[in-house]
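The structure appears below as structure tokens.
The values are calculated or read from the model by the stated rules, or taken from the named source; none is laboratory data. Every value quoted in this text rests on a predicted model; they were computed, and no experiment measured them. Accessible surface areas use protein heavy atoms only, side chains included; no ligands, DNA or RNA. Shrake-Rupley method; radii C 1.70, N 1.55, O 1.52, S 1.80 Å.
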Amino acid sequence: MAVIYTRKATIDDLNKIMSIVEDARELFKNDKIPQWQGSYPDEKRFKEDINNEEAYVLIVDDEVAGIGVLTTERQENYDSIEEGSWVLRQLTLVKNNS
């Protein structure tokens, strides 16, 4: 059985976080979703989230498998929501290669 939990992200997680973000960008692009096709979110943003203790990682069997940011800070990129509302600013999971 898989061991699954979340914890606060650390700076040591940054490379894996950015790898997950790049996978998400590729998936969005292939699905013709315009989100994250520019430079946002970038490494600087995630460093700030980690330093503010707002970034979390999903751990599956000792590997970073997802990321999330929980914040009450205003995020300009999410000011205009066409339908519905946001609870999480970001939730991104690692690509399953199996």
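Taking the listed residues Ser39, Ser19, Ser80, the one that is hydroxyl-bearing (Ser, Thr, Tyr) and at pLDDT 90 or above is Ser19, with no other qualifying. Residues that are under 15 Å from Thr71 (Cα atoms), open to solvent by 50 Å² or more (accessible area, probe 1.4 Å) and part of a loop (DSSP other than H, G, I, E, B) within region 22-54 comprise Asn52, Glu53, listed in sequence order. Kindly indicate whether Gly68 is of a type in the set (Gly, Ala, Ser), at pLDDT 70 or above and either under 19 Å from Tyr5 (Cα atoms) or open to solvent by 100 Å² or more (accessible area, probe 1.4 Å) (or both). When the stated conditions are applied, Gly68 passes them.
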